[in-house]
Amino acid sequence: MTPAPKAPIALPTYAVEIQGLTKTYKGSKKSAPKQALKGIDLNIPRGQIFGLLGPNGAGKSTLINILAGLVLKTSGEARIWGYEVADQPMQSRSAIGVVPQELNLDAFFTPRELLELQAGLYGVPKRERITDQLLAAVGLTDKANAYARTLSGGMRRRLMVAKAMVHTPPVLVLDEPTAGVDVELRRALWDYVRQLNKNGTTVLLTTHYLEEAEELCDSIAIINHGELVAHDTTQNLLRRIDNKKVVLTIDRDLTEVPANLRPHGWELTNPRQLTLAYQPSKIVIGQMVMAVQVNGFAITDISTEETDLEDIFLQLTRRNPAVSSVA
Ligand code: ADP
Ligand code: MG
């Protein structure tokens, strides 16, 4: 009897599944034990670009390194493409490519050699290697045979991304990919990440550049002190903060806020400018503006300020409210 063929694994709903994940680094003579992750639950849908945000020391790299098989978890479960990292290390590792936070490239190899070596480590047969394709994708074709030590920081970073992709994993993880990368190269790297994502790669990136998360990510999780403080779509997260500001310019100088406007919280930000911070869900801004006009002066300009992720981030990490989750 021939053995039944291995059933092909159906595409998982979640590229990464994390349940009750904890990590405590053992202390030493000099330092106390450190609980870096305090029970994280997080599912990352297949096909997304997912942002893991948090201040320094929040536990982002710990989480990523557990997924990469570089750090052993203390308890809980972590699955990549359905494979548990501790129980199925071979399978889970082959499903993930990781670009670590530190640039650690052997200076005496060329990009081509490094990619070939890495492919060898992952057991990719010679004829299935995509070295040239990867070099082209990260814009290093003309540096293919230069020593890595002669490459700029941005080039090294891109080479690290290529290195993480030699075995074409379905999940690519980037730990602070654009830290120390100049703006232009950052754009190029984002474009490449978007392109990989369009071709089906699920991307998980950590960053503390909120702009990066806002621009790239479909969903965002925020962690602080080893705990999840928010997890939502980028859009919802932006919408969640019920805070806006409206600035009115008027046609004459004021010395104080008119009495009828004071109860609402209008402030005089300069003699011709009235500013109101308000909650869109509680206040009809049209009525507020009408209340200004009642005083008999004309509004010559009006502008509103939206909250951005920076504000959300500050609010969430300060107040640590209940987690809202889309999963
Ligand atoms: P992030 O990447 O968000 O900056 P890390 O995961 O690197 O955070 O660190 C989380 C916490 O765990 C920090 O307090 C850090 O000092 C601690 N930590 C990280 N790695 C180790 C380690 N190897 N040994 C002891 N403590 C560690
Ligand atoms: Mg880190």
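List of remarks:
- Ratio of the Cα radius of gyration of segment 1-124 to 2.2 N^0.38 Å, where N counts its residues: 1.26
- Each Lys and Arg adds +1 at its Cβ and each Asp and Glu adds -1 at its Cβ; summed about the Cα centre, segment 127-236 shows a dipole of about 700 debye.
- Taking Cβ atoms as reference points and 11 Å as the exclusive limit, the residues near Gly120 contribute a net charge of 0, counting Lys and Arg as +1 and Asp and Glu as -1.
- The modelled label-to-label distance for the pair Arg262/Ser152, using points 7 Å beyond Cα in the direction of Cβ, is 5.9 nm.
- Once the mean of 1/r is taken over each pair of separate Cα atoms and inverted, segment 57-181 shows a Kirkwood hydrodynamic radius of 15.2 Å.
- Projecting the Cα atoms of Pro271, Thr249, Met290 onto the dipole axis of segment 243-310, where Lys and Arg carry +1 and Asp and Glu carry -1 at the beta carbon, places Met290 farthest toward the positive end.
- Counting only protein heavy atoms and a 1.4 Å probe, segment 122-261 has 45 square angstrom of accessible area per residue.
- Length gained on full extension, Arg194 to Ala144, computed as 0.36 nm times the residue gap minus the Cα-Cα distance: 15.7 nm.
- Summarising the overall dimensions of the chain from its C-alpha atoms, the Rg and Dmax are 25.1, 94 angstrom.
- Mean residue ellipticity (222 nm) of the chain, computed from DSSP H runs ≥ 4 via -39,500 (n - 2.57), nearest 500: -8500 deg cm²/dmol
- Straight-line cross-link partners of Lys26 among the lysines, defined as a Cα under 26 Å from its Cα and at least 8 positions apart when in the same chain: Lys34, Lys38, Lys60, Lys73.
- Thr255 versus Ser75: modelled label distance in nm, points set 7 Å from Cα along the beta carbon direction: 6.8
- A 1.4 Å probe over all protein chains sorts Lys163, Lys23 by accessible area into Lys163, Lys23, starting with the largest.
- Surface share of carbon and sulfur [accessible, 1.4 angstrom probe, percent] for the chain: 51
- Under 5 Å between amide hydrogens, built in the peptide plane, is the criterion, and for Asn43 it picks out Ile18 among residues at least 5 positions away or on other chains.
- Percent of beta bridges antiparallel (DSSP, the chain, rounded to nearest 5): 65
- Cut-off 14 Å between beta-carbons: net charge of the residues surrounding Thr74, Lys and Arg +1, Asp and Glu -1: +4
- Close amide-amide hydrogen proximity is noted between Ala230 and Ile222, each under 5 Å apart and 5 or more residues distant or on a separate chain (H modeled in the peptide plane; Pro and chain starts excluded).
- Seen from Ile18, the other residues with C-beta closer than 9 Å to its C-beta sum to a net charge of -2, counting Lys and Arg as +1 and Asp and Glu as -1.
- Under-5 Å amide H pairs with Val71, H placed in peptide plane, nonlocal only: Ile66
- Debye, to nearest 20: dipole size of the chain, +1 on Lys, Arg Cβ, -1 on Asp, Glu Cβ: 1100
- All-pairs Cα distance distribution in segment 28-93, expressed in whole percent, bin size 5 Å: 3, 14, 24, 25, 19, 8, 4, 2, 1
The values are calculated or read from the model by the stated rules, or taken from the named source; none is laboratory data. This is a predicted model, so every value here is computed, not measured. Virtual Cβ from ideal backbone geometry, glycine too; neighbours counted across all protein chains shown. Ligands, DNA and RNA are stripped out before the accessible areas are found, and what is left, the full protein with its side chains, is counted by its heavy atoms. Shrake-Rupley method; radii C 1.70, N 1.55, O 1.52, S 1.80 Å.
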